[in-house]
Amino acid sequence: MHPTTERPSGPPRTSRALPIATVALTALAPAAWGTTYAVTTELLPPGHPMFAGLVRALPAGLLALAITRVLPRGAWWWKAGVLGALNIGTLFPLLFLAAERLPGGVAATLGAAQPLLVAGLAIAALHVRPTVWRWAWGVLGVAGVGLVVLGPEARLDAVGVLAGLGGTTAMACGTVLTKRWGRPAGVGPLTLAGWQLTVGGLLLLPLTLVIEGVPQRIDAGAAAGYLWLGSVGGLIAYTLWFRGIGKLSVGASAPLVLLSPLIATVIGTALGESLSLPQSLGFVLALAALLAAQFESAAGVLRMSARGARGRRRGPEGVRGGGPEGAREGGPVPGVPVRDAGVRDAGVRDERVGEGWVR
């Protein structure tokens, strides 16, 4: 038999390639969000964070609804409302407010704390206990981003800091709840993104009209900035993000937000800024923390998948592949202790947890 035609007994060949492709596509979302700081400060009219959030959310959400033509059903009306309020309605205006009142580096550092918040919330909401290494890499990631974007000239504005922390907390809660609730059967990530963008935009509409109003002047640069934030940084990015959350564990998806401040730093360098030695070291440290989180998650998936495969192959008498035919069909076998069936079930449960599935 030729080696190329022999099927391995372990996990499918695509089990390793699929997480890499999923991580890469999901990473495009925070990479796009990393452009928000430059677009806000260079192109958008100042003093209108709610209007910026409204224009970014509502047109994109309505476009997604027109494309998918799917509305929530049952409990998903209030679930979509909660997720839209957290991920869009609360995050967007606070994000733009922080970007206006703080240097991009300070605002980005506050956002880099999201993996730590997600790890803490996941303990209560998802019953997932992060490893010590997960906490360590989260702290190192924040420290690395801090070295990159903070300097002696960085100014701290109390309102901006509170807005940045509030937006980071809102998105962390939205990420964990999105992972916990998943998506309804037959509903894709574009539909879920459309629901949340629409809800968030509708929440911002009356607040924007009452509190801020419309900017007096929107030039071509501002129009291009709004278009970019609503399309690439809005509908496309959130579709990829919700798709990734559904496929990856929170431990793998949350650290990807470190890309936002790193991309913001790269853009600043391209605009003429230079990196000092501590900033360069911080960039490498933050990137290492991001990659380490992905490698740890991939290793956990492979370990749990292998454990689940061994549990399924174990026969009812403790012999690989052995035992009566009834065991192969998953039914109880007379004379077989119950604990053996529990071992098989535990293997399957471990595999599901390793892949980030949460009931």
**Asked** Would a scan of the stretch 179-194 turn up a residue that is surrounded by fewer than 21 Cβ atoms within 10 Å (Cβ to Cβ) and at pLDDT below 80?
**Response** no
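Can you say whether GLY174 is under 18 Å from the mean Cα position of the chain (by Cα), modelled with pLDDT under 70, closer than 21 Å to ALA252 by Cβ and assigned to a helix (DSSP H, G or I), as far as the supplied structure shows?
On the way: under 18 Å from the mean Cα position of the chain (by Cα): yes; modelled with pLDDT under 70: no; closer than 21 Å to ALA252 by Cβ: yes; assigned to a helix (DSSP H, G or I): yes.
So GLY174 fails the test.
Given the criteria open to solvent by less than 10 Å² (accessible area, probe 1.4 Å) and assigned to a helix (DSSP H, G or I), does GLY234 qualify?
Working: open to solvent by less than 10 Å² (accessible area, probe 1.4 Å): yes; assigned to a helix (DSSP H, G or I): yes.
Considered against the rule, which asks whether it is open to solvent by less than 10 Å² (accessible area, probe 1.4 Å) and assigned to a helix (DSSP H, G or I), GLY234 comes out as yes.
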**Asked** How many residues are surrounded by fewer than 18 Cβ atoms within 10 Å (Cβ to Cβ) and of a type in the set (S, T, N, Q) if we restrict to the stretch 17-54?
**Response** 1
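The values are calculated or read from the model by the stated rules, or taken from the named source; none is laboratory data. As the structure is a computational prediction, the values presented were derived from the model and not from experiment. All Cβ positions, even for glycine, are placed from backbone atoms using ideal geometry, and neighbour counts span all protein chains on display. Heavy atoms of the whole protein, side chains included, go into the accessibility calculation; ligands, DNA and RNA do not. Shrake-Rupley method; radii C 1.70, N 1.55, O 1.52, S 1.80 Å.
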